[in-house]
Amino acid sequence: MSHDHCDSSLLLSLPDDVFAIVARFLSPRDVCNLGLCCRSLNALVASEKIWLTECDALGIVPHEDLVEWRKGVSSYKALCRFLVSVQPLIGIWVHQNPELGNVVYVMPGFISVVGCRIIPQELGPLGIEEGPILWASVFEVIGDFDGSTTFLLHGREKGIDYIYPGLVKPIEKSCNLLLLEVEPGLQKNPGTLLPSKTLAHNSGVELLRKVCRSNSELSRSQRVNNHATVPFSKLAFTDRRKLLEVTTNQIRQKVPDTVVEPLFPRLRDDADNFKKDLVLLWERRSLLSQMFNLGCSQNDYKASSQEEVSPKELELDDVRKSLVCSRPICNPLHEEDDLQQHIKRKSIGGYFWNSLKQVLGRSNSINGSRSNSKKLTSSSEIRHAQLQEFLRSSDTIRLILNASTVELFSYRAWPNMHDNQFALYKLPLRVPREDQEYAGLWGGTFGWPPGKPSEDKPGKALFLLLLSYEESQGQQLVIATKILEGTHYVLHPNGSAMFIVNINEPSSEPFPWDTDADSNPVDIKDAFMGEGIASGYGFRYPGSKPGSLFVLQNGVIAFIWKESKAILTLQRINLQELLKKGERIPSLPPVANFSYLTKSYSNVFAGFPSSSNCLSSPR
């Protein structure tokens, strides 16, 4: 083929439908780069069909839902921008506390992704598939009209549902750490930030996008100089906690009844309820659009943003007023649930003001003086000075969701976690393959037949296990890591291995039962030797006892402890489908709702009564 026929005209001659098929093999970034080659190609890649194909290729949302979501954004390209940015968030996030399990599953909502906490719970006679799974909302990341993102933290205080608006920092593609932080805003410039004297009662909307837009016009040196010398992560834990509490208290917006739910539609199989949910979701988005200007066109946005103040930005004057207020900040969990212990906190105002006087008493000026900084000898003085420096770095602060990538060390697929970070940690969910067919997320209960309650135990504790593979001394091991336990009081630490089996060592043990719940004969496909968790040297160091893993023909797996004959039956689960059929319960207060850091061995996420007794540990 001659050189004359190898230019862009070949691509330009393709019909849109054919080029969309070709573009499916390109990443969204590649398509954007292709549009930079020339004007003709730029016009070609602007086709809605091409960007619909790109959205579809991401595999986050079904094609039918993409068509519905498109109505809420400016174009499929804007929708693709949103999907690409939030894709790393989708998956399972956990924290060590409480020990019963803190599992947050991030899934597609409605032009959004939603963080849903799976509540430790018991299952009724309907089992996992039919019985409603209890869950509570943690946060949303909503797609704006242009495909950018808005962060909404969820929480409940004194019986009232609130949302707490903020920013989403650029999400790293391989992020494994999700942090709730407070960040200084930009220094105020004329025409950049508008003052907000009544921010706590203001329903204003769009200033933050003005800030972000103005930020792009600042010089690089201006942006560098604006960053806080002391980042939020370097502040003392008590300072970080109090800053989060004060900030969320100031920016919170009461949730109207029409915005409380739903956050996502039910399954399409339930056609009537699915259509009803879509109507409610559009009403909800319309109301959120009025509150945060999510769904307006760019021209409408420019006109409306001139006189409105974003609730995402909080002036430090308001924070300082809260910091010097004499009202103590009490543990919000105590107000929500009598089961929670009351944590007495000093007045944040007294803490701030006394520390300020203490530091100022030793030095007339802390600001930048090297000689004076040497006088700050105690750790408390240094901590107070760091807080002062953080607060002086800008005129405004804002709540942010920070999804970053850090080096995590793990043991048996469970990451080592910091106990003083308001964070969630992502679990790598391995996709089953030919040589690792049991990898993935499994759920089930103790007892046989699976899910069948008894007279003395009408409910059975739900267990969620993450199965992964490891090589040890030339042997292939399957490790079942516990990430959720639905008992009253936890038996073994969060992240424990419920059982470990050797795939290379078949078991000759017989299966104790001949039939299942429907009186059908049990057909065993495979059996492997292993060890299951048992009482050991205290709570933190469980022991193990021999057992066998049985693989049934219907896809169920069951681990049986040899001595006690206790049986844990599991099946593969799809959390997204279960949550769409589930039942939503109220959230915790905002900071604890995102990351519960207090050590607890009971169910802190729900105060509902449960009928079964504590499950005894298999021996």
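Which of the following residues is open to solvent by less than 20 Å² (accessible area, probe 1.4 Å) and touching a residue at least 40 places away in the same chain (Cβ under 8 Å): Phe274, Phe264?
Phe264
What number of residues within the stretch 14-39 are in a helix (DSSP H, G or I) and open to solvent by less than 50 Å² (accessible area, probe 1.4 Å)?
The qualifying residues number 7.
From Pro512, Pro546, which residue is within 15 Å of Leu568 (Cα to Cα) and either modelled with pLDDT under 85 or loosely packed, with under 14 Cβ neighbours inside 10 Å (or both)?
One residue alone meets the criteria, Pro512.
Given the conditions (1) touching a His at 6+ places or on another chain (Cβ under 7 Å); (2) over 25 Å from Leu491 (Cβ atoms), which single one is not true for Asp518?
It is condition (1) that Asp518 fails.
Of the numbered conditions (1) of a type in the set (A, V, I, L, M); (2) in contact (Cβ under 8 Å) with a residue 40 or more places away in the chain; (3) within 14 Å of Asp30 (Cβ to Cβ), Val61 fails exactly one; give the number of that condition.
With (1) of a type in the set (A, V, I, L, M); (2) in contact (Cβ under 8 Å) with a residue 40 or more places away in the chain; (3) within 14 Å of Asp30 (Cβ to Cβ) applied to Val61, the lone miss is (3).
Within the bounds of the stretch 362-372, is there any residue that is assigned to a helix (DSSP H, G or I), under 28 Å from Asn249 (Cα atoms) and modelled with pLDDT under 85?
Within the stretch 362-372, none of the residues are assigned to a helix (DSSP H, G or I), under 28 Å from Asn249 (Cα atoms) and modelled with pLDDT under 85.
Hand me the list of strands (runs of 3 or more DSSP E) wholly inside the stretch 40-142 holding 3 or more residues that are under 25 Å from Arg252 (Cβ atoms).
Here the list reads 102-108, 112-118.
Can you tell me which of (1) open to solvent by 10 Å² or more (accessible area, probe 1.4 Å); (2) assigned to a helix (DSSP H, G or I) is the one Leu579 doesn't meet?
Every condition holds for Leu579 apart from (1).
Applying the selection to the stretch 379-426, what residues are crowded, with 19+ Cβ neighbours inside 10 Å and of a type in the set (Ser, Thr, Tyr)?
Within the stretch 379-426, Ser393, Ser394, Thr396, Tyr425 qualify.
What's the number of the condition Pro98 fails, among (1) in contact with a Leu (Cβ under 9 Å, 6 or more places away or on another chain); (2) open to solvent by less than 10 Å² (accessible area, probe 1.4 Å); (3) under 27 Å from Phe594 (Cβ atoms)?
Status for Pro98: all satisfied but (1).
The values are calculated or read from the model by the stated rules, or taken from the named source; none is laboratory data. Only a predicted model underlies this, so the values are computations on that prediction, with no experimental measurement involved. Methodologically, a virtual Cβ is constructed for each residue, glycine included, from the backbone with ideal geometry; neighbour enumeration extends over all protein chains shown. Ligands, DNA and RNA are excluded from the accessible area calculation, which covers all protein heavy atoms including side chains. Shrake-Rupley method; radii C 1.70, N 1.55, O 1.52, S 1.80 Å.
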